[in-house]
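Colleague: Below is a structure I'd like to ask you about.
Nothing in this text is a laboratory measurement; each read-out follows from the coordinates by a stated rule. Computed from a predicted structure; not experimentally measured. Glycine also receives a Cβ, built like all others from the backbone with ideal geometry; neighbour counts cover every protein chain displayed.
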Amino acid sequence: MNTIQRNRWVIVTAPTDRGADPRDQVLGALRVLRDRHPDTVFVTAVLGGSGTSVTTALDEAVAAGAAEVVVVSAQTVLDRKMDAWFRRVIGHWLRERGPDAPDVRLAGPLSDTDTYVDLLDAAISGPTAPARTTTAPLTSPAWDEVPGFARHVLVCRGPRCSARGGPEAAQALDSALEARGLGDDDVLVTQTGCLFPCSQAPVVAVYPDNSWYAELCADRVERFVDEHLVEGRPITEWSGARRSSVTLEA
Ligand code: FES
């Protein structure tokens, strides 16, 4: 029997320029590509925000025995800052992984001018649909009030934290709160973009306590939840180094 060796992986990072949750768009494209390239494993990942991070996807490719991994940034509008971080995150992963890393390659940007023209042309030449007034409204009775939470926890899912343990910390936090029966009206967790002290990744901030945690990795989350969020005692030994705060004039 002729077994297909699927040792080539393609990781497509969801674009940030195509709506709040563009992974559905990417997933639709990947369904077609899987038919065209049955010898390749296609997965999606995010550079920041919720979802499988690029570094987690790279780890999964290694665990599956991939010999070659192609990473594609699905940005369709050129964003030089995003492109630079895309390269830095993958470079960081390669350094951490060391000599057993597979051959990781970066695909050319979709935002290349020539390709972008083709993308636009395909969009306006394909089927279009009328805009409607019957779509769901932007308000709902369920969203009338600010939740009554005691603490607001900001979990950084910027690109650096997402590459250095942020997704695992966020997942561990969800599980720990659920295990203790704490919901949004107790502790509201919000995943954010970059909070700035990227070198201290993964970064978590807690308000109204004005507490900032550095390197709050998944293995620290249980203690963080018990001591700070349940007992109200911030763990000061895990505080991130911070510039002195500025006092705003009234
Ligand atoms: S990416 Fe988390 S602080 Fe910058």
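Colleague: Averaging over every viewing direction, what projected area does the convex hull of the Cα atoms of region 24-70 cover, in nm²?
Modeller: Here the figure is 3.6 nm², rounded to one decimal.
Colleague: Turning to a different aspect of this structure: Hey, in the chain, which Cys have no second cysteine's beta-carbon closer than 4.7 Å?
Modeller: Cys194, Cys198, Cys217 - these cysteines have no disulfide-compatible partner (Cβ-Cβ under 4.7 Å) in the chain.
Colleague: How high is the relative contact order of the chain, in percent, with contacts defined as C-alpha pairs under 8 Å that are six or more residues apart?
Modeller: Dividing the mean separation by the residue count of the chain yields 17 percent.
Colleague: How far is helix 23-36 tilted, in degrees, relative to the longest principal axis of the Cα atoms in the chain, given as a value from 0 to 90 rounded to the nearest 10?
Modeller: So the helix axis and the longest Cα principal axis differ by about 30 degrees.
Colleague: Find which of Ser111, Ala150, Phe42 sits farthest along the positive direction of the dipole of the chain, computed with +1 on the beta-carbon of Lys and Arg, -1 on that of Asp and Glu, about the Cα centre.
Modeller: It is Ser111.
Colleague: Which whole-Hz couplings ³J(HN,Hα) result when phi for each residue of region 193-209 is put into the Karplus expression 6.51 cos²θ - 1.76 cosθ + 1.60, θ = phi - 60°, listed in order with x for Gly and Pro?
Modeller: These are the phi-based 3J(HN,Hα) values: x, 4, 9, 4, x, 4, 5, 9, 4, x, 9, 9, 10, 10, 10, x, 6 Hz.
Colleague: Helix-derived [θ] at 222 nm for the chain: sum -39500 (n - 2.57) over DSSP H runs of at least 4, divide by residue count, nearest 500?
Modeller: My calculation for the chain gives -9500 deg cm²/dmol from helical runs alone.
Colleague: Would you grab the residues whose amide H sits under 5 Å from the one on Thr52? Only those 5+ places off in sequence or on another chain, please, with H modelled 1.01 Å from N.
Modeller: Val46
Colleague: Another question, if that's okay. Could you grab the Rg to Rh ratio for the chain? Cα atoms only, Kirkwood for Rh.
Modeller: Checking Rg against Rh, the ratio lands at 1.02.
Colleague: Please list 3J(HN,Hα) in residue order for region 55-65, calculated via the Karplus relation 6.51 cos²θ - 1.76 cosθ + 1.60 where θ = phi - 60°; whole Hz, with x for glycine and proline.
Modeller: These are the phi-based 3J(HN,Hα) values: 5, 5, 5, 5, 4, 5, 4, 5, 4, 8, x Hz.
Colleague: Right, next: Taking the number of other C-beta atoms within 10 Å as the exposure measure, put Leu106, Leu248 in order starting with the fewest.
Modeller: The fewest-first ordering by Cβ neighbours comes to Leu248, Leu106.
Colleague: Using the Cα gyration tensor of region 123-192, with a ≥ b ≥ c the square roots of its eigenvalues, what is the shape: rounded (a/c below 1.5), prolate (a/b larger than b/c) or oblate (neither)?
Modeller: oblate
Colleague: Normalise the Debye intensity by I(0) for region 146-238, one equal point scatterer per Cα, no solvent, then take log10 at q = 0.19, 0.20 Å⁻¹ and round to two decimals.
Modeller: Each listed q maps to, in turn, -0.80, -0.89.
Colleague: Please give the charge dipole size of the chain, origin at the Cα centre, charges +1 on K and R Cβ atoms and -1 on D and E Cβ atoms. Round to the nearest 20 debye.
Modeller: So the magnitude is around 660 debye.
Colleague: If you wrap a convex hull around the Cα atoms of region 60-142, how much volume per residue is inside, in Å³?
Modeller: So the per-residue hull volume is 216 Å³.
Colleague: For the peptides 133-144, 236-247, 171-182, 63-74, what is the packing order when you average, over each peptide's residues, the other Cβ atoms within 10 Å and list the highest mean first?
Modeller: Ranked from most to least packed, the peptides come out as 63-74, 171-182, 236-247, 133-144.
Colleague: Would you give the gap between the C-alpha center of region 144-170 and the C-alpha center of region 196-242, rounded to a whole Å?
Modeller: Rounded to whole Å, the Cα centres lie 11 Å apart.
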